[in-house]
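The values are calculated or read from the model by the stated rules, or taken from the named source; none is laboratory data. The shown structure was predicted, so the numbers you read here are calculated from the model rather than taken from an experiment. Cβ placement follows ideal geometry from the backbone for every residue including glycine, while neighbour counts extend to all protein chains displayed. Calculation scope for accessible area: heavy atoms of the full protein, side chains included, ligands and nucleic acids excluded. Shrake-Rupley method; radii C 1.70, N 1.55, O 1.52, S 1.80 Å.
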Amino acid sequence: MKKWTSVIATGLVATTVLAGCGGADGSKGQSQSAANEEEKKPDPVTVTIGVRATGYLTEDEIQRYIVQPVAKRYPHITINRIVLDDKANSFENLLASNSLPDIIFHTSLLLPDLKRLKADQDLTETLKAAKLDLNKFNPTALEAVKITSENSYLMGVPYTMHFNALYYNKDIFDKFGASYPKDGMTWQEVTELAKKVTRIEDGVQYRGFEPDSIYRAGSQLGLPLVDPKTFKSLGNTDPWKKVVEMAKAAYEIEGNSTIQTFSSGVNAFVKDRKLAMLAGLNWLPNLAEVKDQFPNWDLASYPTWKEQPGVGTQIDLHVMVVPNTSKNKEAAAQVIDTVVSDEVQLDMARNGRVSVLKDKKYQDEFGKNLDFLKGKNVQAIFKSAPTKPFPSTVHANKAFNEITKVMTQVVKNKVDVNTALRSYDELMDKYIAEQGK
């Protein structure tokens, strides 16, 4: 098992200093004081944290947001990292070997999995003992943890959330004399704008718009994919047809039919630079890598539905979970309290991670440490509020991936929307039945 460890000093041992010709009583008093200090000093403890190798926290971020601030606040705590994966270090395998980390750093989609494994617990009293103030959080973020896990209590504490935005390449818009995207545009308006910048120039095909996974556009409308009570697939419905038709209209623009979701879309925008607009997540780290080669881009707010202006996607949280197997709950709570402290959350915000705390200063300070964001419309990411989440069920990841593939059936294979969604439901219902719900 691959482990990553940071060894932290456990504090200074108190010493006694005798001044001048102090009497016996004074020496005895100072010795007693030193002894009391030794008694009060916490015992050294190692807190294991589980973090996946990619997509969550980088090695530098683990140091900056966890190890270093914890060392400053709690010098008796050592942080030991376990790299989570879907094989040897899966939740199931770690639980079977009694090796689940004290804190699991993951997306909120993991919550149903840990609940299924009966590894969850109510953290209320543990957090209260650590004097963690829950009133400082964005209430939508805390409520999302409960809704996603289908619990009335907190089984995890959020520490950051994704944002969504419309990224655009100003060079392409300038090349074709088109107006830049604006904040508050609908999906349909972005599609119309895409028609002006989807062209072939000097033998190069420029794509106007990549909407990315339709899951996110559907989440804006509060559309679940699996019924949390019956575990039946919910894709073949009129609301989901509306979402698929929206994306289909974008892909049907002549020259824009190449589907480039997830990393493919990011590469098309950031590296190939033949994509004019990308509706996506927090891709600032990718843009930072090419800041010298590709400075002429900007942001607008994430596209919305006409009937729901200002409403963003389902809130996409990263959480810290202390499973009930942890033997270091008190120290784990102290680590969590450190990560959501004002100091660390401000540092996260200034370095391009959205804070889960409600004070507006975290938005105002967003990206201030990133020189390549100077002059960019970074406040666009806060122009749409996350919509209320819905229970994700343990099949969330499978549903997310399969609903994304529906567009390949519709656009590439020319399957009509009704048939594609009916096939999606059949696939998911069969999968759920095989998994035993």
Legend entry - Only one of Thr186, Thr198, Thr140, Thr160 that is touching a strand residue (DSSP E or B) at 6+ places or on another chain (Cβ under 8 Å), at pLDDT below 95 and among the β-branched types (Val, Ile, Thr): Thr140
Inset, instruction - Output the residues belonging to the stretch 127-148 that are closer than 16 Å to His318 by Cα and either in a loop (DSSP other than H, G, I, E, B) or touching a residue at least 60 places away in the same chain (Cβ under 8 Å) (or both). - result: Phe137, Asn138, Pro139, Thr140, Ala141, Glu143, Ala144, Val145, Ile147, Thr148
Inset, instruction - Enumerate the pairs (first residue in the stretch 105-117 and more than 17 Å from Phe390 (Cα to Cα) and assigned to a helix (DSSP H, G or I); second residue anywhere and open to solvent by 10 Å² or more (accessible area, probe 1.4 Å) and of a type in the set (A, V, I, L, M)) with beta-carbon separation below 6 Å, excluding pairs fewer than 6 apart on the same chain, so at least 6 apart or on different chains. - result: Arg116/Val394
Legend entry - Subset of the stretch 252-275 (residues that are part of a loop (DSSP other than H, G, I, E, B) and within 25 Å of the chain's Cα centre (by Cα)): Ile259, Gln260, Thr261, Phe262
Inset, instruction - Tell me which residues, restricted to the stretch 72-104, are within 21 Å of Thr393 (Cα to Cα), open to solvent by less than 20 Å² (accessible area, probe 1.4 Å) and part of a loop (DSSP other than H, G, I, E, B). - result: Ser90
Legend entry - Residues located in the stretch 380-401, provided they are part of a helix (DSSP H, G or I) and in contact with a strand residue (DSSP E or B) (Cβ under 8 Å, 6 or more places away or on another chain): Ala380, Ile381, Ala396, Ala399
Inset, instruction - Go through the stretch 114-126 and count every residue that is buried (at least 19 other Cβ atoms within 10 Å of the Cβ) and either among the acidic types (Asp, Glu) or closer than 19 Å to Leu317 by Cα (or both). - result: 4
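State all residues of the stretch 225-252 that are under 21 Å from Ile200 (Cβ atoms), in contact with a helix residue (DSSP H, G or I) (Cβ under 6 Å, 6 or more places away or on another chain) and open to solvent by 10 Å² or more (accessible area, probe 1.4 Å); if no residue qualifies, say none.
Matches in the stretch 225-252: Ala249 only.
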Inset, instruction - Those residues that are at negative phi and touching a Ser or Thr at 6+ places or on another chain (Cβ under 9 Å), I need them from the stretch 219-231; list them, please. - result: Ser219, Gln220, Leu221, Leu223, Pro224, Leu225, Val226, Asp227, Pro228
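May I ask you to verify whether Ala380 is more than 24 Å from Leu287 (Cβ to Cβ) and either out of contact with any Gly (no Cβ under 8 Å at 6 or more places or on another chain) or crowded, with 17+ Cβ neighbours inside 10 Å (or both)?
Details: more than 24 Å from Leu287 (Cβ to Cβ): no; either out of contact with any Gly (no Cβ under 8 Å at 6 or more places or on another chain) or crowded, with 17+ Cβ neighbours inside 10 Å (or both): yes.
Considered against the rule, which asks whether it is more than 24 Å from Leu287 (Cβ to Cβ) and either out of contact with any Gly (no Cβ under 8 Å at 6 or more places or on another chain) or crowded, with 17+ Cβ neighbours inside 10 Å (or both), Ala380 comes out as no.
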Inset, instruction - Go through (1) part of a helix (DSSP H, G or I); (2) of a type in the set (S, T, N, Q); (3) open to solvent by less than 70 Å² (accessible area, probe 1.4 Å); (4) modelled with pLDDT under 95 and name the single condition Thr404 misses. - result: (4)
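If I filter the stretch 172-183 for residues that are under 24 Å from the mean Cα position of the chain (by Cα) and surrounded by fewer than 19 Cβ atoms within 10 Å (Cβ to Cβ), do I get at least one hit?
Taking the stretch 172-183 first, the residues under 24 Å from the mean Cα position of the chain (by Cα) are 183.
From what is left, the residues that are surrounded by fewer than 19 Cβ atoms within 10 Å (Cβ to Cβ) are 183.
Within the stretch 172-183 (the criterion being under 24 Å from the mean Cα position of the chain (by Cα) and surrounded by fewer than 19 Cβ atoms within 10 Å (Cβ to Cβ)), the answer is yes, since at least one residue qualifies.
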Inset, instruction - Go through (1) polar (S, T, N, Q); (2) within 27 Å of Ala144 (Cα to Cα); (3) modelled with pLDDT of 95 or more; (4) open to solvent by 30 Å² or more (accessible area, probe 1.4 Å) one by one and return the number of the condition Thr58 breaks. - result: (3)
